[in-house]
Amino acid sequence: MKIYIVSLAAGILVGLIYALLQVRSPAPPAIALVGLLGMLIGEQAGPVIKKALAREPITASWLRTECVAKITGVEARPGAAQNRASGDNSA
């Protein structure tokens, strides 16, 4: 139930921002989806910046497992990167 209340509060906040910017709401579906994608990508900026400030390497594999999985909602399969590297497409 708590997540629904937080979601409603976030929606109200965004509605207030729309009102301040004088943007009509609801946005057309394509614009709304692009905005949601931007929010998902923006959420992943924190871990990337934190890793960069710690001078840790930001590899494609790390981005795929840590960020892309959270943006797309599809968890990376264990060993998928290794299977691609070795040419094994059976996984």
Hits in the range 1-58 - residues which are over 23 Å from ALA69 (Cα atoms) and within 15 Å of the chain's Cα centre (by Cα): none
What's the total number of residues in the range 5-28 that are modelled with pLDDT under 80 and open to solvent by 100 Å² or more (accessible area, probe 1.4 Å)? 2
Within the set of pairs 6 or more residues apart or between chains, which connect a residue that is under 15 Å from ILE41 (Cβ atoms) and in a helix (DSSP H, G or I) inside the range 52-74 to a residue that is of a type outside the set (Lys, Arg) and open to solvent by less than 70 Å² (accessible area, probe 1.4 Å) with Cβ atoms less than 6 Å apart? ARG64/ALA76; CYS67/GLN44; ALA69/ALA76; ILE71/LEU40
Can you name every residue in the range 29-46 that is assigned to a helix (DSSP H, G or I) and open to solvent by less than 50 Å² (accessible area, probe 1.4 Å)? ALA32, GLY35, GLY38, GLY42, ALA45, GLY46
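The values are calculated or read from the model by the stated rules, or taken from the named source; none is laboratory data. Note that the coordinates shown come from a computational prediction; the quantities given were computed from them, not determined experimentally. Neighbour counts are summed over all protein chains in view; Cβ atoms, including those assigned to glycine, are modelled from backbone coordinates with ideal geometry. These area figures cover heavy atoms from the full protein model, side chains too; ligands, DNA and RNA do not enter into them. Shrake-Rupley method; radii C 1.70, N 1.55, O 1.52, S 1.80 Å.
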